[in-house]
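Scroll down for the structure; my scribbles are underneath it.
Bear in mind that the values in this text are calculations on the coordinates, not laboratory data. None of these values were measured; they are calculated from a predicted model. Glycine also receives a Cβ, built like all others from the backbone with ideal geometry; neighbour counts cover every protein chain displayed.
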């Protein structure tokens, strides 16, 4: 107990530099009156948190300096503008705020403090005063609705993702002009809403070029392709009801699809789905992942139908693939190549 008290007292004395950051008013007023907090104030304004932190409180704010923000931007390789536009900016800022007025004399070694973001901060008094891995450089800057402690690093919550995923599997197709036919097929088969659901889904996806090759090989038009009664069946043959990353694939594994049939994974020479090569992988979406393939998968029970004739399209079954398949589900090119397994 005595050792803890000594540590706390030493820390308080070492941090008694309140005068350097002296200002008057509420939390936001104090920060706004100090040049060293200009980035913090801009961030609070961008995240629309100013009025909240001008409330009754009380609040305890661990406030990063401009230099702390500059260090973070350098480490992340982003600009201040990109940080201010980040969708998790509010969460990061709220990770610096604790409900209640916690003065330096209230701190104890090993204590945790719940933040308004939801995660907790760890207090370490063994070597000065540290909040997580950030040093408190000035303490007890009082405001009318709380107190500010100045820190030398920006606190980043575990939930923070630098490049958050914002698009579902359908959005990926909609966002790329090379998949205009794909989008039309999804709409025609009434599958757009379904594939925007929670999922997760794994989609093995050909591009427009696969459709063009197919139309030439079968000597049919895009409109005739869209009128096939089994359109949805073929589309769903490209979708697995789970999120399967490239690192989850195993040679010889079978993957059940929403069509009811299975796909076979072959890692003996690159990565193949049935006989189709994976050319780009792990394009993550909010509800799954997309892997791009170089030809189209066709279920064994598909029959090509025409107004003037009925003919059987060569089957790919559960393990095969014709050089020119029928349909793709989603795709996007050049975003990453599947790692080969040996």
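Values as computed for the structure displayed
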quantity: Added length on full extension, which subtracts the Cα-Cα distance from 0.36 nm per residue, residue 223 to residue 196; calculated: 7.3 nm
quantity: Beta bridges per DSSP with both ends in the stretch 169-311, % antiparallel, nearest 5; calculated: 75
quantity: Virtual spin-label span in nm between residue 122 and residue 167, 7 Å along Cα→Cβ; calculated: 3.8
quantity: Relative contact order %, the stretch 2-151, counting alpha carbon pairs below 8 Å whose residues are six or more apart; calculated: 32
quantity: Extension gain (nm, one decimal) between residue 82 and residue 56, 0.36 nm per residue minus Cα-Cα; calculated: 6.2 nm
quantity: D (Stokes-Einstein, µm²/s), Kirkwood Cα radius, the stretch 58-102, 1.306 mPa s at 10 °C; calculated: 137
quantity: Separation of the residue 67 and residue 212 label points, Cα + 7 Å toward Cβ, nm; calculated: 5.8
quantity: Estimated FRET transfer efficiency (residue 133, residue 106; beta-carbon r; R0 22 Å; 0.05); calculated: 0.55
quantity: Residues 108, 120, sorted so that the one with the fewest Cβ neighbours within 10 Å comes first; calculated: 108, 120
quantity: Estimated FRET transfer efficiency when R0 is 45 angstrom, pair residue 74-residue 268 (beta carbons, to 0.05); calculated: 0.50
quantity: DSSP bridge pairs, the stretch 2-151: antiparallel proportion in percent, nearest 5; calculated: 75
